[in-house]
Amino acid sequence: MNFQIIILLISFILTIIFSLIIIPILKKVKIGQQEREDGPKSHLKKQGTPTMGGIIFMISIIICVTGTYVYYKTQGELELAKNLIPMLCLMIGFGIVGFIDDFKKLVLKNTDGLKPKYKMLGLFIISILYTLFVVKYSNYGTEIEIPILKTIVSLPIFIYIPFAILVILSTTNAINLTDGIDGLSSSVCSIIITSLVVVAMLKSVNEVAILGSIAVGAILGFLIFNLHPAKVMMGDTGSLFLGGLISGLALYLGVPLILIVMAFIPILETLSVIIQVYYYKKTGNRIFKMAPLHHHFELSGWNENKVVRVFSIITLLVCIIGILMI
């Protein structure tokens, strides 16, 4: 517990330091946010706000996990040290895919960014590799826990692998859609990851508790600069990284189904987009004023801070429920 607190604080402080260094660089090279003209008018003033800021907490987490790996290796806890690396690789892999997308859009001025098929192919390959690691090396293998029932089901490997890949890709897409208001994705993700750390501690899975603690510290450090009015935005670099992180931790713990509860807000955001698109194609009308859902509330008169507060409170509530279901 003491080590987790220390590493969380180190990660938090490192992220603040890197933010103070990297944000001015992003400003200088003019890597700025591009707002939709058909979006909320209040967002137009964000045009040019430094983005791709996910690299800030990525760097902090990589440094802290690497230091933790070295520490535990010197302590003779080789198994714990080794198990940190594949989880880190999943996050970095997704972060790199997001970085390429951001780089093409913001630096190379290619408005389409990374082609969706290449983006999905990259995420798919990384998901397969991580799923194979979970099956072979995690304590749970193809077992998943059913919330509320508190029973464990062992899935055949030919079912588990596509299921796990679906969990990773859908979670990542949901987190990506949630990133549309200053501080929203950072706040929601920090609460979800903290809850997964609690689950890891209850299950005595130290590698997840440690990696999650590092991530929480880094995200909170980033949130200081990401709250409204944001000094920096995470971009796809950060949102894909966080999606990989959350899904990776849940799968490693054998509790991917708990994300249906804990990731309630990202799921609502995703459903709002699906419903909006389907209904518009069928009727030519819209159910929501704008999708994803956070924009609907903005256009209904809520300011950004209110949306973040309400969505964060709901996330905290469902995460507590999720922990009690384990």
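Values in this text are rule-based calculations from the coordinates and carry no lab data. Being a predicted model, the structure only gives us computed values, none of them experimental. We place every Cβ from the backbone using ideal geometry, glycine too, and count neighbours over all the protein chains shown.
Annotations
- Charge dipole magnitude, Cβ of K and R +1, D and E -1 - the chain, Cα centre, debye nearest 20: 780
- Over 25 Å (Cα to Cα) - which of 115/289; 119/203; 119/289; 115/136; 82/203; 231/306 fall in this group: 115/289; 119/203; 119/289; 115/136
- Contact order normalised by residue count of the chain, Cα under 8 Å, 6+ apart, percent: 27
- Helix 304-325 vs. the chain, principal-axis angle (Cα, 0 to 90°, nearest 10): 20
- Remark: the residue 79-residue 28 segment gains 14.0 nm on full extension, using 0.36 nm per residue and subtracting the alpha carbon distance.
- Against the main long axis of the alpha-carbon atoms of the chain, helix 206-226 sits at an angle near 20°.
- Cα-based helix-to-principal-axis angle, 157-178 vs the chain, degrees rounded to 10: 40
- Computed over the chain, the per-residue total of -39500 (n - 2.57) for DSSP H runs of n ≥ 4 gives a 222 nm mean residue ellipticity of -24000 deg cm²/dmol, rounded to 500.
- Under the simplified labelling scheme, the residue 314-residue 143 pair shows an inter-label distance of 3.5 nm, with each label point 7 Å from Cα along Cα→Cβ.
- A Förster radius of 22 Å, combined with the Cβ-Cβ distance separating residue 159 from residue 121, puts the computed FRET efficiency at roughly 0.45.
- Centroid-to-centroid separation of segment 76-116 and segment 283-326 [C-alpha atoms, Å]: 27
- Farthest positive-ward along the chain dipole, Cα basis, beta-carbon charges - from 92, 215, 8: 92
- Cα→Cβ-extended label distance, 7 Å offset, between residue 289 and residue 71, nm: 4.7
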